Every structure is written in structure tokens, then in C-alpha cells.
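Comments concern the structure below.
The values are calculated or read from the model by the stated rules, or taken from the named source; none is laboratory data. Being a predicted model, the structure only gives us computed values, none of them experimental. Methodologically, a virtual Cβ is constructed for each residue, glycine included, from the backbone with ideal geometry; neighbour enumeration extends over all protein chains shown.
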Amino acid sequence: MPLVSTKEMFKKAYAGGYAIGAFNVNNMEIVQGITEAAKEEKAPIILQVSAGARKYANHTYLMKLVEAAIIETNLPICLHLDHGDSFELCKSCIDGGFTSVMIDGSHLSFKDNIELTRKVVEYAHPRNVMVEGELGKLAGVEDEVKVSAENALYTDPSEVEEFVTKTGVDSLAIAIGTSHGAYKFKGEAKLRFDILEEVERRLPSFPIVLHGSSSVMPEYVEIINKFGGQMSGAKGVPEELLRKAAAKAVCKINIDSDLRLAMTAMIRKNLAEDPANFDPRKYLTPAREAIKQVVRHKLVHVLGCNGKA
Ligand code: G3H
Ligand code: 13P
Ligand code: ZN
């Protein structure tokens, strides 16, 4: 099976009231953990690569790891650029075989965001590549871009029709209160479902994307803290809120931090418990297994996409 696009995935997810998990990949163990979980749960999956991941692991290595995952799982897998920040980066990923790209113009003015996004769509669509745009700014840190909680902006629903019509995007990331990283909420965790519902009303049957959707699973934060880490106050999006969003217009839910936490927790634990070990396979095996268990949990209990491949 070749890499697939998100078009069919999103159509079925919208109709079925579930969402596809978009998990960030940076190395072999992460690709394996995610795709082994998807295979066991018979789930369609989006593997996404940030500019930082591409710099770290190299485009060719990532492509080949994902190709290997398709051979091993025979699953519908989409390869997506996460937070593309320029036309050139999107073009390079499209030319290099990705089946979907995000152009994140959310830091630009509405007019400039439309212009940049439309340029990417015009290049992508004749090559059968889908494009995700973003309206509204999430708090948190991605690569070079830091957005403080005070500067995070909810998506303005009155802008979405014009944005989608003028750009031709295939899906839209919106800001309703989620944020990137492991410290998402100081007080009560709250999502603006009123905004999501208004966007859904204005864009019927249109796939919506939620970034910053890790739950920051307390069991892994606890292990990190127990074995020398310092992550007090880490807090994520409650899973029941994500499930509620997945049943609505949200068709793609982005998860990265939960995988980082699981991997780091198991590496810390393993090295602390076996200080004489210097064989990376011995600490990467439980780390990969933890990623797999986290992804299985998300597929079944958060996204509801198990059995949908
Ligand atoms: O939203 C950002 C993702 O978590 C990727 O993070 O840019 O550090 O690879 P990164
Ligand atoms: P988290 O940091 O919540 O995992 O979000 C990841 C993300 O949105 C990637 O684009
Ligand atoms: Zn994101």
C-alpha cells in the first residue's frame, strides 16, 4: 500500500464521529511504537514531521522509516508536514513525497495568512497533496515560535468561511484553548466548544484540526519526577474533552508531548534502576513499548478510530 492522503480518512472520520490521531515522529523507535499500536488496533494513522524533526532525523531517513512502517503494517498511513512555516518548506516536503502539509500562517495578518496558504494550496493540489491551514494562535512552544498564554488568540468563527473559500485548504486548525507542550493550563482546563460549534455551523462537513492535544498523562509525569526529573505543574487536556471534540467536526487530533513524556519516563526509570547499563537497546525497548501503549490508549479511548483502517 502506498502512503495515503487525508481526504478519505477525514470524510469517514467526519461521518463516523471519530478523529484520526496525528502523532509526531522523530526517530525509528517512535515510528515503530506508533505504527505497531495502529496495527494492533486496525487504525488509520497520520505520522507528522515538524521542521525540527526533519532537521534532526533527515528527510530521507524519515521517508524510509515510514515506508518500512507501511510494509510492516499494511495500514493506511498519511505522512504530513507539521507547522510548515514557509512555501519553500512545504514545496520541499511535497516534492519529497509527503501526502499532506500544514502551512501555519497563524502568526501573520489575516490577509497575509490567506495569501501564503493559497500559494501552498496552488502548488499542492495538482500534486494530490492535501493542505491544512491555521486560524488563531495557540499558546506554547514549537521549534522557533513561542506564544505566551496572554498572546494566544481563539479563532474568530466569523473569519473561517472567507479563509477556507479564498485559500482552498482541505482542513483547518483552530484555537479553542488547547496549547502546545506539557504546561497547558494553570487552573481549570477548559475548551471553547461554543467556538467549535459555530465553526462547524459555518463550515458544514469540513474537517477541523486540534493541535496541542496531549493529555500530559500523570502516570508518566510521576515517573519522570520520581527519577530525577522536574515537571511539577505539568497539565494537559482532559481526555473526555478531546473525545467530545472528536465526536464533533474535529477529524485530526495532534499528539506529541504525551509520546515524549512516555519515552523520557521509561528511559529515566531504566537508567536509574540499572545504572551499569550502557546498551541503548535496553532502555529504548521499554521506551518504545510505552509509546505503543500510549498510542493504543489514545486510538481506543480518545480518538475512537480503532477498527477503522
Ligand atoms: O507542535 C509542535 C510539535 O510538538 C513538534 O515539536 O517543533 O519541537 O518538533 P517540535
Ligand atoms: P502537544 O504538545 O499537546 O502534544 O501538541 C502537539 C501538536 O500540536 C503538534 O502539532
Ligand atoms: Zn501543533
Open item on the list: Here are the criteria: (1) away from ligand 3 (no atom under 16 Å from the Cβ); (2) more than 15 Å from the chain's Cα centre (by Cα). Tell me which single one Ile77 does not satisfy.
Closed with: (2)
Open item on the list: Given the options Arg192, Arg296, name the one that is more than 13 Å from ligand 2 (Cβ to nearest atom), under 18 Å from Gly21 (Cα atoms) and not small (Gly, Ala, Ser).
Closed with: Arg296
- [ ] Could you name every one of the helices (runs of 4 or more DSSP H) located completely within segment 193-259 that has at least 3 residues being closer than 26 Å to Gly33 by Cα?
- [x] 218-226, 239-247
TODO: Scan segment 187-212 residue by residue and report those that are closer than 21 Å to Leu261 by Cα and touching a helix residue (DSSP H, G or I) at 6+ places or on another chain (Cβ under 8 Å).
DONE: Ala189, Leu210
Open item on the list: Looking at segment 176-197 only, could you name the residues that are within 16 Å of the chain's Cα centre (by Cα) and either within 16 Å of Cys251 (Cβ to Cβ) or without any contact (Cβ under 8 Å) to a residue 12 or more places away in the chain (or both)?
Closed with: Ile176, Thr178
Task: Subset of segment 183-213 [within 16 Å of ligand 3 (Cβ to nearest atom) and either modelled with pLDDT under 95 or crowded, with 20+ Cβ neighbours inside 10 Å (or both)] - done: Lys184, Pro207, Ile208, Val209, Leu210, His211, Gly212, Ser213
- [ ] Consider Asn151 carefully, then state whether it is at pLDDT 95 or above and more than 16 Å from ligand 2 (Cβ to nearest atom).
- [x] no
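Yes/no matrix, rows are residues, columns are (1) at pLDDT 95 or above; (2) away from ligand 3 (no atom under 16 Å from the Cβ); (3) within 25 Å of Gly187 (Cα to Cα):
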{"residue": "Met231", "(1), (2), (3)": "yes, yes, yes"}
{"residue": "Ala246", "(1), (2), (3)": "yes, yes, yes"}
{"residue": "Cys251", "(1), (2), (3)": "yes, no, no"}
{"residue": "Asp258", "(1), (2), (3)": "yes, no, yes"}
{"residue": "Ile267", "(1), (2), (3)": "yes, yes, no"}
{"residue": "Thr285", "(1), (2), (3)": "yes, yes, no"}
{"residue": "Arg288", "(1), (2), (3)": "yes, yes, no"}
{"residue": "Ile291", "(1), (2), (3)": "yes, yes, no"}
- [ ] From (1) away from ligand 2 (no atom under 16 Å from the Cβ); (2) without any contact (Cβ under 8 Å) to a residue 40 or more places away in the chain, pick out the condition that doesn't hold for Val4.
- [x] (2)
TODO: Restricting attention to segment 214-264, report how many residues are of a type outside the set (Lys, Arg), within 14 Å of ligand 1 (Cβ to nearest atom) and either surrounded by fewer than 18 Cβ atoms within 10 Å (Cβ to Cβ) or under 18 Å from Glu197 (Cα atoms) (or both).
DONE: 1
Open item on the list: Taking the conditions exactly as written (of a type in the set (Gly, Ala, Ser) and away from ligand 2 (no atom under 16 Å from the Cβ)), does Gly236 satisfy them or not?
Closed with: no
- [ ] Could you check Ile176 against (1) of a type in the set (A, V, I, L, M, F, W, C); (2) within 16 Å of ligand 3 (Cβ to nearest atom); (3) more than 30 Å from Glu222 (Cα to Cα); (4) assigned to a loop (DSSP other than H, G, I, E, B) and say which number it fails?
- [x] (3)
Open item on the list: If Glu36 meets every condition in (1) under 21 Å from Ala173 (Cβ atoms); (2) out of contact with any Leu (no Cβ under 9 Å at 6 or more places or on another chain); (3) away from ligand 1 (no atom under 16 Å from the Cβ); (4) touching a residue at least 60 places away in the same chain (Cβ under 8 Å) apart from one, which number is that one?
Closed with: (1)
- [ ] State whether one or more residues within segment 57-74 are within 15 Å of ligand 2 (Cβ to nearest atom) and either β-branched (Val, Ile, Thr) or within 20 Å of Leu303 (Cβ to Cβ) (or both).
- [x] no
